[in-house]
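K.L.:
Sharing a structure here in structure tokens format.
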Amino acid sequence: MNATSQDTESERPSGSIAEGPTGIGGWLFLIAIGLIVSPLLNIKTIWDSLGLVRSVDWSHIASVSHLGVVALVLWELLVQSFMVIASVVLLYLFTLKKRTFPKLWITYIWILVLLSLVPAGFAALMANAGAPGVTTKAAAQEIAETIKVLLIAIIWTPYFLRSRRVKNTFVE
């Protein structure tokens, strides 16, 4: 190895590349696909949730027993809207290979883990309390979604922190 490749990241001049793979390839290709598909899926979920909101007979919603379902739907709309905006920003940073992308992506995925805990816990409480419109199956689906997001965060965080390709690609 030459002296340049042994320099630490902080000692390297901005924009220089260490030895190893670079560019959007390898496992980063999966992240690229996710960043492209994610906003589209989030928009579809928002659309579906808005359809649900439009179809509700609001005169029945006034009862306290239905407010939890409304709260879950509104929470879902807020989270999905956040995800659309964040995904578009992350896709922009990803395509420009910005140095800030890996840390922001890690922050984003862990925020999603935290945000997914709210509906999972709330749905489980409502299902156990026998709230109308919330079944144990729905609660289990929310919990499964939280576990899925947690696994994504657990798997990809070390990759973004340790990968030579990530360090060599996001240098702008």
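K.L.:
Could you please let me know if L112 is surrounded by fewer than 13 Cβ atoms within 10 Å (Cβ to Cβ) and of a type outside the set (S, T, N, Q)? Reasoning before the result, please.
P.N.:
Values: surrounded by fewer than 13 Cβ atoms within 10 Å (Cβ to Cβ): no; of a type outside the set (S, T, N, Q): yes.
Against the criterion (surrounded by fewer than 13 Cβ atoms within 10 Å (Cβ to Cβ) and of a type outside the set (S, T, N, Q)), L112 does not qualify.
K.L.:
In the range 157-172, which residue that is crowded, with 19+ Cβ neighbours inside 10 Å and among the hydrophobic types (A, V, I, L, M, F, W, C) is nearest to I109 (Cα to Cα)?
P.N.:
Ranking the qualifying residues of the range 157-172, first place goes to F160.
K.L.:
Here is a further query. Quick one: F101 ticks every box in (1) within 29 Å of D48 (Cα to Cα); (2) of a type outside the set (S, T, N, Q); (3) in contact (Cβ under 8 Å) with a residue 40 or more places away in the chain except a single one, so which number is it?
P.N.:
(1)
K.L.:
Given the condition within 26 Å of D48 (Cβ to Cβ), in contact with a helix residue (DSSP H, G or I) (Cβ under 6 Å, 6 or more places away or on another chain) and free of Cβ contacts under 8 Å to residues at least 24 places away in the same chain, answer yes or no: does some residue in the range 148-170 qualify?
P.N.:
No, the range 148-170 has no match at all.
K.L.:
Check whether at least one residue in the range 27-37 is at pLDDT below 90 and not in a loop (DSSP other than H, G, I, E, B), and report yes or no.
P.N.:
From the range 27-37, those at pLDDT below 90 are none; that's our starting set.
The answer is no; no qualifying residue exists.
K.L.:
Inspect the range 99-117 for any residue being in contact with an Asp or Glu (Cβ under 8 Å, 6 or more places away or on another chain) and either modelled with pLDDT under 95 or acidic (D, E) (or both) and give the result as yes or no.
P.N.:
Yes, some residue in the range 99-117 is in contact with an Asp or Glu (Cβ under 8 Å, 6 or more places away or on another chain) and either modelled with pLDDT under 95 or acidic (D, E) (or both).
K.L.:
Next question. Please go through the range 126-156 and give me each residue that is among the hydrophobic types (A, V, I, L, M, F, W, C), part of a loop (DSSP other than H, G, I, E, B) and surrounded by 13 or more Cβ atoms within 10 Å (Cβ to Cβ), ordered by number.
P.N.:
Kept after step one, since they are among the hydrophobic types (A, V, I, L, M, F, W, C), are these residues of the range 126-156: 126-127, 129, 131, 134, 138-140, 143-144, 147, 149-156.
Narrowing further to those that are part of a loop (DSSP other than H, G, I, E, B): 129, 131, 134.
Across the range 126-156, the qualifying residues are A131, V134.
The values are calculated or read from the model by the stated rules, or taken from the named source; none is laboratory data. Because the structure is predicted, anything quoted here is derived from the model rather than measured. Backbone-built Cβ (ideal geometry, glycine too); neighbour counts: all protein chains shown.
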